[in-house]
Amino acid sequence: MNQRSISIFGATGSIGASTTDLLRSEKGKWRVVALTAQSSISELAQLAREFEAEIAVVGDERCLGELRDALAGTGIEAAAGKAALIEAAARPVDLTVAGIVGCAGLAPTMAAIEQGGTVALANKEALVSAGEVMTAAVARHRATLLPVDSEHNAIFQCLAGNDLADVRWITLTASGGPFREWSEERLAAATPVEAVRHPNWDMGAKISVDSATMMNKGLELIEAFHLFPVGLDRLRILVHPQSVIHSMVEYRDGSTLAQLGPSDMRVPIASALAWPARMNTTCDPLDLAAIGTLSFAAPDEVRFPATRLAREAAEAGGAAPAVLNAANEVAVAAFLAGQIGFTRIAAHVANVLETYAPSAPASLDDVLAVDSEARSRARLLMETA
Ligand code: NDP
Ligand code: MG
C-alpha cells in the first residue's frame, strides 16, 4: 500500500478528532508529519506519540517547555508560536487538514497552499477573510482545496462531472440551530450553555454559537461564493432541521442532485481523505425509514439577521467579509465569556461593519491587518456600547 503523508492543523479540536479517528481505521496508510494545537498540550503530545508525528506545534509560545517535556525521548520535534505553525504548514505533504478555528488558521493554511499542496478545508473563517487572496493563491500555486464543511463537501460531490455554467441554484441547507423556534424575547436571554447544545452536530464552541446565530450559514454562503463561482444570486439558504440533506445543486434542465448522510463530520472528512476515491467508515448508515420525514423552511432573517449581514458583506466584497468575520469572532468570544447577550452578537457585527470599511486587501498581510484592526475596533465598540 502506498503511504500518504498528512498534517493536521487543529488536531486537538472536533475536526481534528474526527480526522484522527479515520486515520486510526487506516493504520499504516498514513505518515503523519505535523500535528498542531493552541494550548492542549497533553492531548497534542498523546496524539503525536500515537501517530509518531514528525513535529508537534503549539500556537501558544508559553507552552513550548511543557510540550518538550511531554515529548521527551520520543524524537518528535516540538515547536511553538505562529511562525512555527507556518513553518510546519510549509513542509510538503500529500494532504493538509485545515482544522484550526477562526482567522488564526489563515496564515498556516496559506502556507500549505503556497507549497502547492492539497488542503482539506474545514477552517471556513480563513477563506471568508482572505477570499480572492486565497483563491488566487490556490490558482497560482496549483494547489487543490477540498471542502470539508459538510455543505460544501456535499456541493463539491454534486458538482463532480458537471459544468458550473449549467448550475441554476446551489442550495445550502441549514439545521436552524438550537434556537430555530425561539421567539425574539427568548433569544435575548439565551445562555452560552444553551447555544453550544446543537441538536444534530457535536462541534467546537465557536462554530456551535455561529450555528445558533445562523452566522455559520452566513460564513458558509461566503465560503460557497469563493469555492463555487456561480455568482451570489445563484446561492440560497434553506432551513432543513433534520440535517440529512447536506446541500443540493439544481441544474438548468431541472435536475437537482443532493448529498445525504448522517450528521457525522467523519463522512465529509473521509471523502476528502480518500478523494478522488472512497474509503470505508464506521459511521451509522443512513436510515431514512427511521427518520421518516424531511422538512424544509425559508430562513428567518428577522430573528437571525446574521445571514443577511453576511450576504451584504459578500455583495460589498473587498474587506467586508474579513471585517464581518473578525467582529463575529470577537462578539462570539464575548458572548461565551458572559460579557454580552446572544442577540448582541449580530448587532455588534453590524456596528463594526458600519464604522469600518477599509479598502480591499491585496495580500495575506493586508488581510491580517484588516482582521487585526477590525478586532481592535470590535473590542473598543463593545467597551463603549
Ligand atoms: P475546536 O474548537 O473543536 O478546535 C479548534 C482547534 O484549533 C483546536 O485544535 C485548537 O487547539 C486549535 N486552535 C484554537 N485556537 C487556535 C489559535 N489561535 N491558533 C492555533 N490553533 C488554534 O473547533 P472545531 O474543530 O469545531 O472547528 C475547527 C474549524 O472547522 C472551524 O473553522 C469550524 O468552523 C470548522 N468546521 C467545524 C465543524 C465541526 O463539526 N466541528 C464542521 C464544519 C466546519 P486547542 O485544543 O489547544 O485549543
Ligand atoms: Mg457546515
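Throughout, read-outs are computed from the coordinates displayed, never taken from laboratory work. Bear in mind that the values here come from a model prediction, so they are computed numbers and not experimental data. Don't worry about glycine lacking a Cβ; one is built from the backbone with ideal geometry, like all the others, and counts go over all protein chains shown.
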So what does the Cα-only Debye profile of the chain read at q = 0.09 Å⁻¹, as log10 I(q)/I(0), no solvent term? -0.50
I'd like the antiparallel share, as a percent to the nearest 5, of DSSP beta bridges with both residues in the chain. 30
For the chain, set up a GNM with springs between Cα atoms under 10 Å and report which of 293, 36, 135 has the largest fluctuation. 293
Show me the trypsin sites (Lys or Arg not before Pro) within the range 8-97 that DSSP assigns to loop and that have at most 15 other Cβ atoms within 10 Å of their Cβ. 27, 29
Can you compute the modelled spin-label distance between residue 373 and residue 193, with each label point 7 Å from Cα toward Cβ, in nm? 4.2
Computed ³J(HN,Hα) along the range 224-230: with the Karplus parameters 6.51/-1.76/1.60, θ = phi - 60°, integer Hz and x for glycine or proline, the list is 5, 4, 7, 6, 10, x, 9
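Pull out the extension gain between residue 144 and residue 354, defined as 0.36 nm times the separation in residues minus the alpha carbon to alpha carbon distance; nm, one decimal.
On the way: separation 210, 0.36 × 210 = 75.60 nm, distance 3.49 nm.
The residue 144-residue 354 span can extend by a further 72.1 nm.
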Whole-Å distance, taken between Cα centres, linking the range 281-348 and the range 23-47: 30
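Count the lysine pairs in the chain that are 8 or more places apart or on different chains: how many have C-alpha atoms under 28 angstrom apart?
Values: 29/124; 82/124; 82/206; 124/206; 124/217; 206/217.
Within the chain, the lysine pair count is 6.
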Contour minus Cα-Cα span, residue 347 to residue 162, at 0.36 nm per residue, comes to 62.6 nm
Would you mind computing, in nm to one decimal, how far apart the modelled labels at residue 232 and residue 316 are, each placed 7 Å from Cα along Cα→Cβ? 1.0
Please list the radius of gyration and Dmax for the range 152-317, considering alpha-carbon atoms only, with Å as the unit. 16.2, 49
